[in-house]
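What follows is one structure encoded as structure tokens, with my remarks underneath.
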Amino acid sequence: MWISLILIVLVAGIISAMGIGGGAIFIIISTIFGLFSHKEAQGYNLIIFVLVGLSASIKNIKSKDFDQKIFLKLIVPILLGSLVGIYFASIVDEDKIRKYFYVFMLCIGIYEIISSLKVIKKDKLKIDERS
């Protein structure tokens, strides 16, 4: 179990640091392999998110890829969203949260496929116009 968990966390950390959703991957893989319940995976994911976010933020601040004015404007909505999410997570049944999560991930996947197909079609039209 520990080797699987370490590998999953390592992959999720790498993907998260790249900004492409490692947390979702962590939740999906750790629940599929039965390492955690969905609620446990969410909790560990948040801890991972804090650590990855802190590390990536330090790097971005040092390399000046960070706009302090924008960050200050985002603090209140971030805190409000977090509080609302915490509230809903405490009152909604774990099975429902799991189902909502997977439906959301499915919708994101479908959206990404459709968006990619549109880009491919658009690129193909540009190539055909040049020919």
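Read-outs: derived from the displayed coordinates by stated rules, not from any lab. Keep in mind the model is a prediction, meaning the values are calculated, not measured. Cβ: placed from backbone, ideal geometry, glycine included. Neighbour counts: every protein chain shown.
Results, tabulated for the structure shown:
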| quantity | calculated |
| --- | --- |
| Highest-fluctuation residue, Ala12, Ala24, Ala56 considered, GNM on the chain with Cα pairs under 10 Å | Ala56 |
| Tail weight of P(r) past 17 Å, computed on alpha-carbon pairs of region 1-64, percent | 37 percent |
| Degrees, to the nearest 10: 22-32 long Cα axis against longest axis of the chain | 60 degrees |
| Degrees between helix 38-62 axis and first principal axis of the chain (Cα, 0 to 90, nearest 10) | 60 degrees |
| Rounded to 10°, Cα long-axis angle of helix 94-130 versus longest principal axis of the chain | 10 degrees |
| Lysine pairs within the chain, Cα separation less than 28 Å, 8 or more sequence positions apart or different chains | 7 |
| Cβ-based net charge around Lys124, under 15 Å, with every Lys or Arg adding one and every Asp or Glu removing one | +2 |
